[in-house]
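A quick write-up on the structure given underneath.
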Amino acid sequence: MRTQVGIIGAGPAGLLLSHLLYLQGIESVIVETRSREEIEETIRAGVLEQGTVDLLNAIGVGERLNKEGHFHEGFELLFQRKRHRIHVHELTGGKYITVYAQHEVLKDLISARLQTGGQIRFQAEQVSLHDLDSERPKIRFRQGSDGEWQDIVCDFIAGCDGFHGPSRPSIPAARRTEYQKLYPFGWLGILIQAPSSAPELIYARHERGFALVSTRSPEIQRLYLQVDPRDDLANWSDDRIWTELHARLETDDGFQLIEGPIFQKNIVSMRSFVCDPMQYGRLFLAGDAAHIVPPTGAKGLNLAAADVQVLARGFSLYYRSNQRDYLDRYSEICLRRVWKAERFSRFMTTMLHRDEQHSPFDQRLQLAELEYLTSSRAASVSLAENYVGLPLEF
Ligand code: FAD
Ligand code: DHB
């Protein structure tokens, strides 16, 4: 089999890239290990930057998002029993925070891809990359453990296979530098059936640990609680979860957390990670395959969307005018913005989480940071512009 761009992974990065290429008349094939059902049911991100929403609209997959998404003009920081609103819309010249679940974005993208004849090979096994430094790199896989081996011969390969996929390790170790920071924090996420407790997201810093109030629909809410990343869900009965959430979200201003049946629970650990460069020969990494941020800044999916816009532009220039220099600068262009998102995500994470290693001095600094952010317009503007997403640099 032959294609122009072979894409590994049908997450946000891979699907968006494939659709962007289709719109420019460039062929691609996506190879994905999971089934369509599994992809469409995995609960992950919720917050989309304005630029990501604009992109989804521009490529014609924004219809359901516009009907079912929630468009917030701000969010709240809760500390010392008080909520402080960051009026993002006003501070950023009219941008919105959009809450629309990642798996809904994926459903919309998969459906758009399949309707326009896109090829997605779901449930591929033993996916591997070959001949990356030649003119004809290959993706090899099989469907079913006794299925035949299949090769896709490509002009380029896009490694959109997330943090654990095979693309990044296919770059020789001597040709990449990996920067990493681990955190002693995890998030226990729950989905509940209940009306929303607040009109906007609440990020709470509390002596007992971080908590986050988010939403999915008028009937379904998403809540997160800082836990030990090695903790076991079995230790977290519904009662214990509610007790912790109530304690961390208690205010003197009348906020009431509305409870409801918990129908999904999971624990995720967090890290900061960057691979530099994000390319090798004819392989280009995009999204979580190249970089990870802790979820506190709500940046991961949005960074994936930014990468693939740069990459699609590079492929378009290559095929339309035989220009290779933009593709050669892909990594450099993306990493400038990636590092700023790494900075912001780490900043939000360390400011809001309880750290056992923190001295009383560190704790007072966290509070001073929060007080500064919520009382200085300059600081609020900086927070807001990072939260809605820094401009894309092409
Ligand atoms: P992935 O979504 O990981 O997709 C990679 C795909 O590659 C997967 O479908 C996988 O099955 C496939 N794959 C893996 N290995 C192979 C292989 N060998 N062969 C073929 N395919 C393979 N981001 C935000 O922007 N906003 C948020 O609010 C936000 N909140 C988050 C909350 C939580 C709790 C978590 C965990 C993450 C959150 N994120 C958020 C981050 C976001 O979910 C990720 O950054 C995003 O999914 C990255 O997309 P991706 O396409 O790069 O990778
Ligand atoms: C959600 C996830 C985040 O990482 C975040 O910062 C805000 C909201 C969510 O899943 O709704």
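The values are calculated or read from the model by the stated rules, or taken from the named source; none is laboratory data. Remember, predicted model here, so these are calculated numbers, not experimental data. Glycine gets a Cβ as well: all are built from the backbone with ideal geometry, and neighbour counts include every protein chain shown. Keep in mind that these areas ignore ligands, DNA and RNA; they rest on the heavy atoms of the full protein, side chains included. Shrake-Rupley method; radii C 1.70, N 1.55, O 1.52, S 1.80 Å.
At-a-glance table
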item	result
Net +/- balance of residues flanking G93 in space, Cβ distance below 13 Å, scoring K and R +1, D and E -1	-2
3J(HN,Hα) from dihedral phi, the stretch 374-387, Karplus parametrisation 6.51/-1.76/1.60, rounded to Hz, x for glycine, proline	8, 10, 9, 4, 4, 5, 5, 4, 4, 4, 5, 5, 6, 5
Volume in Å³ per residue [convex hull over Cα atoms, computed for the stretch 207-359]	170
Charge context of L367, other residues only, Cβ under 11 angstrom, K/R +1, D/E -1	-2
Residue-averaged 222 nm ellipticity for the chain, from DSSP H runs of 4+ at -39500 (n - 2.57), nearest 500	-11000 deg cm²/dmol
Average silhouette area of the chain, convex hull of alpha-carbon atoms, in square nanometres	19.9
Rounded accessible area of Y22 (nearest 10 Å², 1.4 Å probe)	90
Accessible-area value, R377, 1.4 Å probe, nucleic acids and ligands omitted, Å²	130
Solvent-accessible area, 1.4 Å probe, carbon plus sulfur percent, for the stretch 86-185	44
Candidate lysines for bridging to K82, where Cα separation is under 30 Å - those fewer than 8 sequence places away on the same chain excluded	K95, K265, K299, K340
Positive-end extreme of charge dipole, the stretch 47-92 - chosen from A58, T92, G74 (charges on Cβ)	G74
Heavy atoms of L283 accessible to a 1.4 Å probe, total area in Å² rounded to 10	0
Hydrodynamic radius by Kirkwood, which averages 1/r over all alpha carbon pairs of the stretch 187-287, in angstrom	15.4
Relative contact order (%) - the chain, alpha-carbon pairs under 8 angstrom, separation at least six	20
Computed log₁₀ I(q)/I(0) - Debye formula, equal Cα scatterers, no solvent, the stretch 266-318, q 0.15, 0.16, 0.24 Å⁻¹	-0.47, -0.52, -0.96
Computed magnitude of the charge dipole of the chain (debye, nearest 20; Cβ of K, R +1, Cβ of D, E -1)	720
Amide N of the stretch 205-228 lying under 19 Å from the label point, which is placed 7 angstrom from the Cα of I258 along Cα→Cβ	212-224
Under 14 Å, Cβ to Cβ, from V61 - net charge with Lys/Arg +1 and Asp/Glu -1	-1
Carbon/sulfur fraction of accessible area - the stretch 260-333, other protein chains in place, 1.4 Å, %	46
Average accessible area per residue (Å²) across the stretch 12-67 - probe 1.4 Å, nucleic acids and ligands excluded	41
Å² per residue, accessible surface of the stretch 283-371 at 1.4 Å	40
Rounded FRET efficiency, nearest 0.05, which uses the C-beta distance separating E135 from H84 and R0 of 51 Å	0.35
Distance histogram for the stretch 1-76 (every C-alpha pair counted, 10 angstrom bins, percent rounded to whole numbers)	15, 42, 33, 9, 1, 0
Principal axis dimensions, largest first and in whole angstrom, of the stretch 211-250 by Cα	31, 20, 17
For the stretch 190-213 and the stretch 63-127, distance of Cα centres in Å	18
For the stretch 353-363, Karplus couplings with θ = phi - 60° (6.51, -1.76, 1.60), whole Hz, Gly/Pro x	9, 7, 10, 4, 7, 5, 8, x, 4, 4, 5
